[in-house]
Every structure is written in C-alpha cells, then in structure tokens.
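Engineer: Right, I'll just put the structure down here and ask away after.
The values are calculated or read from the model by the stated rules, or taken from the named source; none is laboratory data. As the structure is a computational prediction, the values presented were derived from the model and not from experiment. Because the Cβ atoms are built from the backbone with ideal geometry, glycine has one as well, and the counts that use them run over all protein chains shown. The accessibility values were calculated without ligands, DNA or RNA, using every heavy atom of the protein model including side chains. Shrake-Rupley method; radii C 1.70, N 1.55, O 1.52, S 1.80 Å.
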Amino acid sequence: VPGVFGRSAAFEDVVQRFDALVSRVTEADGAERMFFPPVIDRRIFEKSGYLDSFPQLAGAVFSFEGTTDVHHEALRARVHEGKPWGDLLSMTSVVLAPAACYSVYPTCTGTVPDDGRLIDTNNWVFRHEPSPEPTRLQAFRMREVVRVGTPDVVLAWRDRWLERGLELLHSLGLPVRPQTASDAFFGRGGRFLAQSQRQQELKFELVLPLISEEAPTAVCSFNYHQDHFGELFDIRTRGGEVAHSACLGFGMERIAMALFKTHGFVPAEWPEAIRERLRR
Ligand SMILES: [Zn+2]
C-alpha cells in the first residue's frame, strides 16, 4: 500500500534522537507531557469538525458485530472470493487519530490558568492520502506542542516557536524556510477556506526541498485555530472568554528523511556537530 512502510533500526534511531533533542530544547518550558493511543473517541472526532473539512483524509475503525451465520455465509465467503465485504462491518466508537493534538483539547475543558496551558504530546496519526511520493505517508508520527490561552499568549507563543523551530532545524543542517500554508480542505468550499486560512496567516510550515525544489516538503507546521477548539470543548480563560489555541507539529519521519537526504545514509559519517546535536 503506498505510504505504509516499515523502518530500519538506523531510521528509527534517528527519529528517537530527534525526539530526544526536542525534549532537551523544550525542557525548561515546563510543558505537561500527555500520551494517548493512536485512536480517539469517535464523538470527539465528530465534534471536532474534521469530517466537515477533511472527509477524504479520515480513517474510521469498523468491526464485525454480526451473527455466526452472517460471519460464515457472508463475510468469510466474500473475503475468500475476493468480493467487497465492507458493508458487513459496523462503525465502532473509535477513529484513527488524524493529528496528535486532537486528543488534547477535550482534556482542557473548563477554565485554564492565567498563563494558559502548554501541553507536549506525540502520537501515530493517520491520513488517507495514498501516494507514491515517499514522504507522503498514510501513518506517521507527530511530536506536537499545544498552547491554549488568551489570543495574546497563544500568538506570542506561536511567533516565538516559528523562530525556534527554524533555529532547531537549522542547527541540524536542514535548509528549511518558513512559508504560509493551507490545509487540504475538501470540496468546492475548500478552496475558499484554504484562501482565507492563508490570508489570515493561520498556518505556517517549515519546508525544505526534500523531493523537489518546486514543491518543497513540510517538516514542521504551526496552526493557529483561533477559538475553534475553545468553543467546541468549552475551554475558557480566567476572564471568562473562549480560549484560543495553537499547535506546532514536527513530522518525525519526514525530519529523519531530511537528515538522511542532507547528510547521507550512514549516520556515523554525519558531521560531528550534527551527531553531537543528536546525542541521546
Ligand atoms: Zn495540531
């Protein structure tokens, strides 16, 4: 299946070393660490509006809840005959996590402290976008940091991280640059949504020419959601206003690919400064 790969120990080691570097760089920030399984409650997913914007990327979990007869005569028979069998399954109460941060917002319901919340999480995420392009994975890991609070607090945090993200990736010799970006909104209204997202500068990405110069690859993205999640999950500031939120996410596999592309396939032969930076 395009976009679903196994990984070697060398590849995985680079992912883990980059993850450890992010932990070292952010240690003094005092973020709360949270860890979630790669599936989320379907009701949270429905509430998030993901299906309004990105139905084509979603992955819902279905399972068999039928009788022995249906199993024997219909399901097994169809599978073994190579016939479609999806209609014999039922929707379960979970979907695949579309982003690491989606699990975080429902935990923020209520009033956040004066200086807001800062949460650091990571997860496997799923995007249904099969492609032969090697950096476009259907399942990949994101290290995400989420900021929730007043608009001032959230925007100042986002702007500081834009600088910080650039510095962090430049320190690894990766030729990233920032650009405003938009999400792959679905359908006819999608183009308008994407345009408005760009105009309001709600999404930035750090990109580098991993596959081509013309279409650089994003390895880190910054999203300012304004009051979207605050409204949905009833998150309030001390002043009683709806809280704003922003997140930044590092695409772990893409960063590892960028490191191999930039420094070569043998990490032991990478420049000393880079290896020192990625010490465990
Ligand atoms: Zn996010």
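Engineer: Roll a 1.4 Å probe over the protein heavy atoms and report the accessible area of Thr67 in Å², nearest 10.
Structural biologist: Surface open to solvent at Thr67 totals about 80 Å².
Engineer: Sticking with this structure for a sec: Could you list which residues have their amide H under 5 Å from that of Val94, counting only those 5 or more apart in sequence or on another chain, with H placed in the peptide plane?
Structural biologist: Arg42, Val61
Engineer: Let me know the charge dipole size of the chain about its Cα centre in debye, to the nearest 20, where only the beta-carbon of Lys, Arg (+1) and Asp, Glu (-1) is charged.
Structural biologist: That gives the chain a dipole magnitude of about 320 debye.
Engineer: R0 = 41 Å: FRET efficiency of Thr92 with Arg177, Cβ-based, nearest 0.05?
Structural biologist: Efficiency at R0 = 41 Å is approximately 0.45.
Engineer: I've got another one for you. Grab the beta carbon distance between Phe192 and Ala60, set R0 = 35 Å, and tell me the FRET efficiency rounded to 0.05.
Structural biologist: 0.85
Engineer: Among Thr135, Val125, Cys220, flag the residue with its Cα farthest along the positive direction of the charge dipole of the chain, charges on Cβ as +1 for Lys/Arg and -1 for Asp/Glu.
Structural biologist: Thr135
Engineer: Over the chain, one equal point on each Cα, no solvent: what is log10 I(q)/I(0) by the Debye formula at q = 0.08, 0.09, 0.10, 0.17 Å⁻¹?
Structural biologist: -0.39, -0.48, -0.59, -1.46
Engineer: Take every Cα pair under 8 Å in segment 107-214 that's 6+ residues apart, average their separations, divide by the length, and report that relative contact order as a whole percent.
Structural biologist: After rounding, I find 19 percent.
Engineer: Hey, another quick one. Would you work out the charge dipole size for segment 127-209 about its Cα centre, treating the Cβ of every Lys and Arg as +1 and the Cβ of every Asp and Glu as -1, and quote it to the nearest 20 debye?
Structural biologist: With only Lys, Arg, Asp and Glu charged at Cβ, the dipole is about 180 debye.
Engineer: Still on this structure, I have one more. Lys47 versus Asp159, label points 7 Å from Cα toward the beta carbon: distance in nm?
Structural biologist: 3.2 nm
Engineer: Give me D for segment 167-264 in µm² s⁻¹, whole number, from Stokes-Einstein with Rh from the Kirkwood sum over alpha-carbon pairs, 20 °C and 1.002 mPa s.
Structural biologist: Rounded to a whole number, D works out at 141 µm²/s.
Engineer: With all protein chains present, calculate the accessible area of His71 using a 1.4 Å probe and round the result to the nearest 10 Å².
Structural biologist: The accessible area comes out at roughly 70 Å².
Engineer: Additional query: Using DSSP loop states and a limit of at most 14 other Cβ atoms within 10 Å to flag GluC sites (Glu not before Pro), what is the longest stretch of the chain containing no flagged site?
Structural biologist: 82-200
Engineer: How big is the dipole moment of segment 1-149 about its Cα centre under a simple scheme where the beta carbon of each Lys and Arg is +1, that of each Asp and Glu is -1, and everything else is neutral? Debye, nearest 20, please.
Structural biologist: The calculation lands at about 200 debye.
Engineer: Report the accessible area of Ser63, computed with a 1.4 Å probe over the heavy atoms of all protein chains in place, in Å² rounded to the nearest 10.
Structural biologist: 50 Å²
Engineer: Next question. Might you list the cysteines of the chain that have no disulfide-compatible partner by the rule of another cysteine's Cβ under 4.7 Å?
Structural biologist: Cys108, Cys220 - these cysteines have no disulfide-compatible partner (Cβ-Cβ under 4.7 Å) in the chain.
Engineer: I need to check one value: relative contact order of the chain, counting alpha carbon pairs closer than 8 Å and at least 6 residues apart, in percent.
Structural biologist: 22 percent
Engineer: Right, next: Given a 1.4 Å probe and heavy atoms of the protein chains only, how would you sort Arg158, Arg43, Arg188, largest accessible area at the top?
Structural biologist: Arg188, Arg43, Arg158
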